[in-house]
Amino acid sequence: MLFHAFLIKYGEIGIKGKNRYLFEDALVAQIRHALKHVEGTFKVTKDQGRIYVHTEGEYDYDDAVAAMRRVFGIVGICPVVILEDEGFEKLGDDVVAYLKARYGENCEKTFKVQARRARKTYPKASMEMNAELGGRILDAFPGMRVDVHEPELMIHVEVREHIYLYSDIIPGPGGMPIGTNGKSMLLLSGGIDSPVAGYMVAKRGVKIDAVYFHAPPYTSERAKQKVVDLAAKVARYTGPIYLYVVNFTEIQLYIYEKCPHDELTIIMRRYMMRIAERIAEKTGSLGLITGESIGQVASQTVHSLAATNEVCTMPVFRPLIAYDKEDIVTISKQIDTYETSIQPFEDCCTIFVAKHPVTKPNINVIKRSEQKLMEQIDEMVDKAIETAELIVVG
């Protein structure tokens, strides 16, 4: 059956007053953006604490639902039939017709009617509607029975200016609408972890930009394209991502030449953080995001994380910090980044990995090693930032 609209369930506990309106406005904007490329005509409106997506004529139901399931802030998507108020007797007929069309003539589910009388001039109270509509359903479907505690089918009837009838609640991603919590810069690689980290922070309402460190000719254009593809996967949830591609080859070779090889990973990582923070400051981001997880590799021991963190003044968000790899893989599959992440194109980190990297770096020792870079490193960093390529993804 063709539904007339979608009722959008949303909300975070504690969002009230002005913050509620900002939340709703941001959510409406995100829903409109998500539906731009879906076949059909959609009108997104707010009405008395409800958000509706009204449809006009034919539309692609599956694509519309899939698009809205990627909008952070949505808790549930309810396909709705909108009825004119033609009296309670007609409403009973419409509810029975809806159930027959939706679940078949011989439906045998347990059910509960949940009526809500938002228009107080309606002649029947909510409890009265529940009882009488339930009776009509039992008369029409001998195999159905009432279960007020754990029904298989919850039939919602909302009486407003029109009457809204629905029985499905399709789960949304939850979280908060993009842009309600500022902007942060994601250090995006071609691996499994960083796209998941960006997704998770964006789910809390944070707008995402990204920086990728490219090392031609040691990394190929296909490795770069892999990262662009990953950014596009994440952008389906976050909206457009500004991806800054930094040429890191000169800096990596200089560090390789001047510094102890067991410290290469830490020192390179510290310069990546410095560069990412510089770009973040220029573009209005308030924090950095990484996909690091304690102990997963040598550069992610607690000692190593402390060493890389030391160069940053911005907060560094690490949403995966206590996750096992299996947990991260599960999320990457859910958001459809996993198959792209495992494509066999190396990024700049893996090319210059030391055979025996230090796992408990001493920050003072690392700083002494970095002194060997002082002759040229600042100029190289400035050049890397100035020549960064900007790709708008999504």
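The values are calculated or read from the model by the stated rules, or taken from the named source; none is laboratory data. What you see is a predicted model, and the numbers here were worked out from it, not measured in a lab. We place every Cβ from the backbone using ideal geometry, glycine too, and count neighbours over all the protein chains shown. For the accessible areas, the whole protein counts, side chains as well, though only heavy atoms, and no ligand, DNA or RNA atoms are used. Shrake-Rupley method; radii C 1.70, N 1.55, O 1.52, S 1.80 Å.
With the contact rule set at Cα under 8 Å and sequence spacing of 6 or more, what percent relative contact order holds for the chain?
17
Let me know the charge dipole size of segment 47-147 about its Cα centre in debye, to the nearest 20, where only the beta-carbon of Lys, Arg (+1) and Asp, Glu (-1) is charged.
My answer is approximately 600 debye.
Nothing charged except the Cβ atoms of Lys and Arg (+1) and of Asp and Glu (-1): what's the magnitude of the dipole of segment 236-387 about its Cα centre? Round to the nearest 20 debye.
Value, rounded to 20: 280 debye.
Run down the aspartates and glutamates and flag those whose C-alpha is under 14 Å from the C-alpha of K120, throwing out any fewer than 8 positions away in its chain.
Partners found: D85, E128, E158, E161.
Give the separation of the Cα centroids, segment 281-353 to segment 171-245, in Å.
So the separation of the two Cα centres works out to 11 Å.
So, with +1 on the Cβ of K and R and -1 on the Cβ of D and E, and no other charges, what is the size of the charge dipole of the chain about its Cα centre, to the nearest 20 debye?
1000
What lysines does K367 reach when the alpha-carbon gap must be under 17 Å and sequence neighbours fewer than 8 apart in one chain are set aside?
Answer for K367, where 17 Å is the Cα cut-off: K258, listed by chain and number.
Given that compact globular proteins tend to follow 2.2 N^0.38 Å, what is the ratio of the alpha-carbon Rg of segment 258-368 to that value? Walk me through the numbers on the way to the answer.
On the way: Rg = 14.9 Å, N = 111, 2.2 N^0.38 = 13.2 Å.
With N residues counted in segment 258-368, Rg over 2.2 N^0.38 Å equals 1.13.
Say the cut-off is 18 Å between C-alpha atoms; which of K9/K100; K207/K282; K233/K325; K36/K333; K203/K233 go over it? Display every interim value, and only then the final one.
Working: K9/K100 25 Å; K207/K282 15 Å; K233/K325 20 Å; K36/K333 25 Å; K203/K233 14 Å.
Pairs exceeding the cut-off: K9/K100; K233/K325; K36/K333.
Solvent-accessible area of E379, probe 1.4 Å, all protein chains present, reported in Å² to the nearest ten, please.
Ignoring ligands and nucleic acids, E379 comes out at about 140 Å².
Using heavy-atom solvent-accessible surface (probe 1.4 Å) with all chains present, what is the largest-first order of H214, H4?
H4, H214
Given the rule -39500 (n - 2.57) for each run of at least 4 DSSP H residues, summed and divided by the residues of the chain, what is its mean residue ellipticity at 222 nm, to the nearest 500 deg cm²/dmol?
Helix-only estimate at 222 nm: -12500 deg cm²/dmol.
Take segment 204-329, compute every pairwise Cα distance, and split them into 10 Å bins from 0; I just need the percent in each bin.
Over segment 204-329, the share of Cα pairs per 10 Å bin runs 11, 37, 43, 8, 0 percent.
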